[in-house]
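What follows is calculated from the coordinates using simple rules that are stated; it is not laboratory data. Owing to the predicted nature of the structure, the values given are computational and were not obtained by experimental measurement. Cβ sites come from the backbone with ideal geometry, for glycine too, and all protein chains shown count toward neighbours.
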């Protein structure tokens with residue numbers, strides 16, 4: 001079950017998925033991103049995503065571990 005949407009505000013043009021996972025306190029450091037993405041389902045705008053370098057921009061929705069995040073710029 002997806003809980004309420006949490007807003008994540010960025011001040012740059014984009015944030016990578018790996019950076020996002022760390023920024024949202026889902027992983028402790030960037031080195032964990034690859035293994036986390038291999039073991040857990042992550043969706044960006046309802047599409048499965050496993051590339052830690054995927055650029056996330058304002059307006060995109062990330063779903064991970066039963067949580068939903070909206071990227072705001």
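Taking other Cβ within 10 Å of each residue's Cβ, how do 72, 4 sort, fewest first?
4, 72
Note on residue 32 and residue 73: their simple-model spin labels are 2.8 nm apart, each label 7 Å out from Cα toward Cβ.
Altogether, the Stokes-Einstein calculation at 4 °C and 1.567 mPa s, with the Kirkwood radius of the range 5-72 over Cα pairs as Rh, returns a diffusion coefficient of 111 µm²/s.
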